[in-house]
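Notes to accompany the following structure.
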Amino acid sequence: MVESLISDILFGFTGLISIINPIGMAFVFLDRTASLTTEDRTALAKKIAFNVMCVMLVAFFVGTPILHFFGISIEALRIGGGLAVAVGGWQMLNAPDTQPAEQPAVKRVDSDNAMSKAFFPLTMPLTTGPGSIATAIALTANRTHKLSAFVLSSIASVVISILVAATVYLIYSRAVVFAKYLGVDGTKVAMRVSSFLLLCIGVQIILTGFSEFLIPIAQMQPVVK
């Protein structure tokens, strides 16, 4: 049971971090907050991390009921979400090298309106987006109503959300340090590796969706005339 919980946490955390790509986005965050002091940037990073945790918790615990309300099957979510993730990873993997300022169309913020921009656009869509939300929903799509399984899944969801938020905070608040020591070339390598992992995660989500859709069909008994 503990091994399964740890495995779920590691899989969910790795998948979401690869999609969010906080190392790559830290340089964009640094560029957009160039006018802020170190203290203001750290406070803003803390606010963004808290917002990220809230978004992940909502996706984990409310996402599946919303899908049911709109009549969207879990298989469709996995295939569609996996496709979106895979396409995003493929585009990032093959994208030409650009300067951070040329990437997301997010305007710079100043000290007067920094906190008002913490959720939009710095949390969404800069840090979290459709890919990460779809992945979070897919991770808990098969959550059962059995008490023990539900408790373990809930614990995993909360821990993953906290770990993702903590990682975003640590990296964003130290964006200046990353820019100094990682450099331009190191950033490019990190982003390419993250893009490849993102592509693989998207393909895996698609394969899981197709298998969940096709296995019941394959197991159907032939009609005897």
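The numbers here are math on the coordinates, done by the rules we state, and not lab data. As the structure is a computational prediction, the values presented were derived from the model and not from experiment. Positions of Cβ are backbone-derived with ideal geometry, glycine not excepted, and every protein chain shown enters the neighbour counts.
Quick rundown of the values:
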| read-out | value |
| --- | --- |
| Ranked list, fewest to most other Cβ atoms within 10 Å of each Cβ, for F178, F210 | F210, F178 |
| Cα-centred dipole magnitude for the chain, charges only on beta-carbon of K, R (+1) and D, E (-1), debye, nearest 20 | 140 debye |
| Mean Cα-pair separation over length for the chain, i.e. relative contact order, pairs under 8 Å, 6 or more apart, % | 47 percent |
| CD proxy at 222 nm, helix term only [per DSSP H run n ≥ 4: -39500 (n - 2.57); per residue of the chain; nearest 500] | -25000 deg cm²/dmol |
| Distance between modelled label sites at D185 and K46, nm, 7 Å Cα→Cβ extension | 3.8 nm |
| Residues V203, V176, sorted so that the one with the fewest Cβ neighbours within 10 Å comes first | V176, V203 |
| Close Lys-Lys pairs in the chain, where close means Cα under 29 Å and separation is 8 or more or interchain | 14 |
| Relative compactness, segment 1-106, computed as alpha-carbon Rg over 2.2 N^0.38 Å | 1.33 |
